[in-house]
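First comes the structure, then the notes that go with it.
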Amino acid sequence: MAEGASKATTDQVLKITDLRIESIHGLVLVDNVSLELKRGEVLGLIGESGAGKSTIGLGAMAYSRGGCRITGGKVEIDGVSIRDLSAEGRREMRGRRIAYIAQSAAASFNPAHKIIDQVIEMPVKHGIMSKTEAKAWALELFRALDLPKPEIFGERYPHQVSGGQLQRAMTAMAMSCRPDIMVFDEPTTALDVTTQIEVLALIKKLIHEYNTAALYITHDLAVVAQVSDRIMVLRHGKMVELGDTKQILGAPRTDYARALVSERKEADHLSQLPKVDTAHVLEVTNAVGVYETFVAVNNVSIHVAKSETVAVVGESGSGKSSLARLILGLLPRRSGSVKFNGKELPPALKERSKDDLRRIQFIYQQPDVALNPRQTIAEIIGRPVQLYFGRSPAEVKRRVAELLVEVGLPEDYAGRLSTALSGGQKQRVSIARALAAEPDLIICDEPTSALDQLVADGVLKLLKKLQDELGVAYLFITHDLGIVRRIAHRTAVMLKGEIVAQGPTAQIFNPPFHPYTERLISSVPEMRTEWLDEVLAKRRVG
Amino acid sequence: MRIFGHKPTITAWIGIVIVAGFLVIGIFAPWIAPYPEDRTFDDVGSYAPPSATMWLGTDQIGRDLLSRVIYGARTTIGIAFLTTVLSFAIGIVTGLWAVVGGKIVDQILSRLVDVMLSIPLLIFALIVLSLFGSLFQSVIGSLTVLICVIAVLDSTRVFRLSRSVAMNIVVLEYVEAARLRGEGTWWIIRREILPNALPPMISEFGLRFCFNFLFVAALSFLGLGVQPPLADWGGMVKENAKALGVGGMAPLWPAAAIALMTIGVNLIVDWILSINARPSGASAEM
């Protein structure tokens, strides 16, 4: 990076002044935000969805998404105002001086080309390096990013490597032109905690080694605590607070920042839950579920008692969702038994009675696709009431209003389409739809992972409240150990289709651990700036 | 003014005016047209140039071209519209059924459609019309036969589209939720899939309408479509083609009507497509 450093007159590489970005309908997405970035410095941008984080990240490249435009402000890279450049000049800047790393690496790679060809494309195109030079540099990056067999890694296609590896390859692609500034847009959000920790460590190392400046966009305070020097808290496109990482985490000055921090901290405590009935609602014994030839659920036994919450945790691909699908009758069961209220359930959905279907309800991860966008809320919630209980239209209407109040939504939402609702509200409608069937058991598949922190917290509180009032049992699938600590009576840890540890939540989260549980627990970022280094040091010793 | 809750663009307005204009002309043809469609004017003769009494002149046997273009709107648009509606009804129902009804139903329907698609549309229509046309003609009338044959053949294309649209919808979680709830196949088709499959299908409706419209014209041109003396634009192009040789403009008027109608429909289709492509408030990323 020697030639890059000599060009700079000062340490400051990026200066954004009063950046203003509006949608074409006049909605203000980013409202006069200013920031500065020094070489080797990492600034964390944090906020909930709609806060304008990504819009600012792209704005730093003088780029705006379709339907938005930059209406004011200055973006200077090394003193050059990038907005005043021609389209050609801007293109020259992007990739070469400032690079962007998106959340979904899978969507950013072309599946039809080898990884190496995509990584070296930019420097060769920009005429910075020859093809051989670019390849050598890519190899160095692959090595620095700890990719397996760096010499042949680039010869593979994007679908042939894992999500974490692809995210690192994407970082290599962004680094390929040796940019001065990198914009990371939630680079680890789509990854499992155990993978996230590796990627975080490597990003941190890379920034240090090459003295690059970076904007790090995320919604997770604990993640940003590990990598950034300063944090900017954003809300509704406005800056709420800017300060040193330690100050924001330790002593936030604004109410909003305080709410974000305390919400995140609450997740680390084990909560006390009331005792539960001993009667088992659901009892799964030695169940085996198979997709064609792949055994997704292997010899799993688990039970859920009345008004109890049992959490199933594990990384993606561990078989959590497959277990849920097996119980629901969507995944063929090869052997074992699933008993519901003491009665054996047929393996296939079609053979189950209407009453069996009614008593087990399911809440999906993505409320956007779980609700039919062309139906009104009244139709969505009212249908189970009508189908299972055969009520008259007037009674259905009354019940819908009741359910809406119960899940904390205004009654007049009944006439709206689900598309007019926010993510959290949609998830509340999903819950109301499940409740409409008056079930004994609700299986929740990561119901809060697509939601913002504060919204997710509201949904969790609602689920808890409903359990206290109605005595419904939950089988709660999640990868978030913070949630498990807060709501689960018992916890099962899944790995490669098997349950490796099972027991009361307090027992699972206290030593002696199963080795995998320990790895999972230790990978969850904590709200301390030293956490990442500590864990890595510990693992190196171990 | 807003239509379906959206404000039409200027080009959409042009399309709406053209299509609405032709519809009005078609519906009220007997009142608008100066002369009956089959009246010949022996005194004027064939291929007469435009005049004050006959604005577009006469055709090959001395009938008023303007009247025939006006009556032609009724026949051509009417047939094309009925055909398209029927073809969509058949295509959508079978397409969605193939997706929801399971592997065997899908295989049978899809392979059947493959067989039908492997035979060129025009040749297939010619065979069917010449073999069975006269058989059913006496029972239900030649126009009905024509509409049914084109609709069935065209529905294979609609089947393909609705099946692939529904394929993407059926895997969505709200459809699975309906299954988990114990809903029947017909309910899932009607209430969960159809409302979501319709928007992309509506724009396809406009395109298929144009194709059918041209297809009717092509069949008439070959003599198997609308039978004389009934006026239809495709047939009129054929009847009057010889006029070009003698410097007459007779075939250009119905041809222009075909072109204008096609453009009008496509302008509206473009607008509907752009509504669908536009991110709705909920799914727009900030």
**OP:** Specify the residue that is farthest from the other protein chains (Cβ to nearest Cβ); the eligible residues are those in segment B:194-218 that are farther than 23 Å from B:Val100 by Cα and open to solvent by 50 Å² or more (accessible area, probe 1.4 Å).
**Re:** B:Leu214
Original post:
Is segment A:368-380 home to any residue that is touching a residue at least 40 places away in the same chain (Cβ under 8 Å), open to solvent by less than 60 Å² (accessible area, probe 1.4 Å) and more than 19 Å from A:Gln425 (Cβ to Cβ)?
Top reply: no
**OP:** From B:Arg74, B:Arg39, B:Arg111, grab the single residue that is of a type in the set (D, E, K, R) and either at pLDDT 90 or above or in contact with a Leu (Cβ under 9 Å, 6 or more places away or on another chain) (or both).
**Re:** B:Arg111
**OP:** Evaluate segment A:166-175: report whether one residue or more is at pLDDT below 85, open to solvent by 50 Å² or more (accessible area, probe 1.4 Å) and not β-branched (Val, Ile, Thr).
**Re:** no
Original post:
In segment A:522-530, is there at least one residue being among the β-branched types (Val, Ile, Thr) and farther than 29 Å from A:Ser228 by Cα?
Top reply: no
Subject >> Scan of segment A:497-534 for residues that are free of Cβ contacts under 8 Å to residues at least 24 places away in the same chain and closer than 30 Å to A:Ala257 by Cβ, ordered by number >> reply: A:Ser522, A:Glu530, A:Asp533, A:Glu534
**OP:** Taking the residues in segment A:69-80 that are open to solvent by 20 Å² or more (accessible area, probe 1.4 Å) and in contact (Cβ under 8 Å) with a residue 40 or more places away in the chain as candidates, determine which candidate is nearest to A:Asp18 (Cα to Cα).
**Re:** A:Gly73
**OP:** Could you tell me which of the residues B:Val171, B:Val165, B:Val237, B:Val175 is within 13 Å of chain A (Cβ to nearest Cβ), in contact (Cβ under 8 Å) with a residue 12 or more places away in the chain and not hydroxyl-bearing (Ser, Thr, Tyr)?
**Re:** B:Val175
**OP:** Hey, could you check segment A:337-389 for residues that are more than 17 Å from B:Trp187 (Cα to Cα) and among the basic types (Lys, Arg) and say which is farthest from the other protein chains (Cβ to nearest Cβ)?
**Re:** A:Lys339
**OP:** Could you name every one of the helices (runs of 4 or more DSSP H) located completely within segment B:183-286 that has at least 1 residues being farther than 26 Å from B:Phe124 by Cβ and at pLDDT below 80?
**Re:** B:194-221, B:252-277
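Listed here are the residues, each with its yes/no results for (1) within 14 Å of chain B (Cβ to nearest Cβ); (2) in a loop (DSSP other than H, G, I, E, B); (3) open to solvent by 40 Å² or more (accessible area, probe 1.4 Å).
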residue	(1), (2), (3)
A:His25	yes, yes, yes
A:Leu29	yes, no, no
A:Ser49	yes, yes, yes
A:Met61	no, yes, no
A:Gly66	yes, yes, yes
A:Arg90	no, no, yes
**OP:** Answer with yes or no whether A:Val484 is modelled with pLDDT of 85 or more and either within 19 Å of A:Ile327 (Cβ to Cβ) or within 21 Å of the chain's Cα centre (by Cα) (or both).
**Re:** yes
Subject >> Residue among A:Leu206, A:Leu221, A:Leu234, A:Leu202 that alone is modelled with pLDDT of 90 or more and hydrophobic (A, V, I, L, M, F, W, C) >> reply: A:Leu234
**OP:** Inspect all residues belonging to segment A:324-335 and state whether any of them is free of Cβ contacts under 8 Å to residues at least 60 places away in the same chain and facing another protein chain (nearest Cβ under 9 Å).
**Re:** yes
Original post:
Here are some residues: A:Val459, A:Val472, A:Val407. Which one is open to solvent by less than 10 Å² (accessible area, probe 1.4 Å), more than 14 Å from chain B (Cβ to nearest Cβ), among the hydrophobic types (A, V, I, L, M, F, W, C) and in contact with a strand residue (DSSP E or B) (Cβ under 8 Å, 6 or more places away or on another chain)?
Top reply: A:Val472
**OP:** Could you grab me the full set of residues in segment A:219-242 that are open to solvent by less than 10 Å² (accessible area, probe 1.4 Å) and part of a strand (DSSP E or B)?
**Re:** A:Ile231, A:Met232, A:Val233, A:Leu234, A:Glu241
Original post:
Considering only segment A:243-281, how many residues are part of a loop (DSSP other than H, G, I, E, B), open to solvent by 70 Å² or more (accessible area, probe 1.4 Å) and modelled with pLDDT under 85?
Top reply: 7
Subject >> Residue identified as open to solvent by less than 40 Å² (accessible area, probe 1.4 Å) and not basic (Lys, Arg) among A:Pro158, A:Pro148 >> reply: A:Pro158
Subject >> Residues being closer than 18 Å to A:Val369 by Cα and either open to solvent by less than 10 Å² (accessible area, probe 1.4 Å) or not in a helix (DSSP H, G or I) (or both) - total across segment A:426-455 >> reply: 16
Original post:
What number of residues within segment B:42-66 satisfy the criterion of being open to solvent by less than 60 Å² (accessible area, probe 1.4 Å), out of contact with any Leu (no Cβ under 7 Å at 6 or more places or on another chain) and closer than 18 Å to B:Leu230 by Cα?
Top reply: 4
Original post:
Given the conditions (1) more than 14 Å from every other protein chain (Cβ to nearest Cβ); (2) surrounded by 13 or more Cβ atoms within 10 Å (Cβ to Cβ); (3) among the hydrophobic types (A, V, I, L, M, F, W, C), which single one is not true for A:Ala112?
Top reply: (2)
**OP:** Could you grab me the full set of residues in segment A:289-312 that are surrounded by fewer than 24 Cβ atoms within 10 Å (Cβ to Cβ), touching a strand residue (DSSP E or B) at 6+ places or on another chain (Cβ under 6 Å) and under 12 Å from A:Arg334 (Cα atoms)?
**Re:** A:Val290, A:Ala296, A:Asn298, A:Asn299
Original post:
Could we say that B:Val145 is without any contact (Cβ under 8 Å) to a residue 24 or more places away in the chain, surrounded by 14 or more Cβ atoms within 10 Å (Cβ to Cβ), away from every other protein chain (no Cβ under 14 Å) and of a type in the set (Val, Ile, Thr) here?
Top reply: yes
**OP:** Would you be able to say whether some residue in segment A:424-434 is closer than 19 Å to A:Thr189 by Cα and in contact with a helix residue (DSSP H, G or I) (Cβ under 6 Å, 6 or more places away or on another chain)?
**Re:** yes
**OP:** Would you check which residues across segment A:406-425 are within 21 Å of the chain's Cα centre (by Cα) and part of a helix (DSSP H, G or I) and list them?
**Re:** A:Gly423, A:Gly424, A:Gln425
**OP:** Report the residue count in segment A:172-200 for those that are over 22 Å from A:Glu92 (Cβ atoms) and part of a helix (DSSP H, G or I).
**Re:** 8
**OP:** Output the qualifying pairs, or none if there are none: Cβ atoms under 6 angstrom, residues six or more apart or on different chains, first residue in segment B:74-93 and open to solvent by 10 Å² or more (accessible area, probe 1.4 Å), second residue not in a helix (DSSP H, G or I).
**Re:** B:Thr75/B:Val226; B:Thr75/B:Leu230; B:Thr75/B:Asp232
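The values are calculated or read from the model by the stated rules, or taken from the named source; none is laboratory data. All figures in this text were calculated on a predicted structure; none of them were measured in a lab. As a convention, Cβ positions derive from the backbone with ideal geometry for all residues, glycine included, and neighbour counts pool all protein chains shown. Just so you know, the surface numbers come from the protein's heavy atoms only, side chains and all, with ligands and any DNA or RNA stripped out. Shrake-Rupley method; radii C 1.70, N 1.55, O 1.52, S 1.80 Å.
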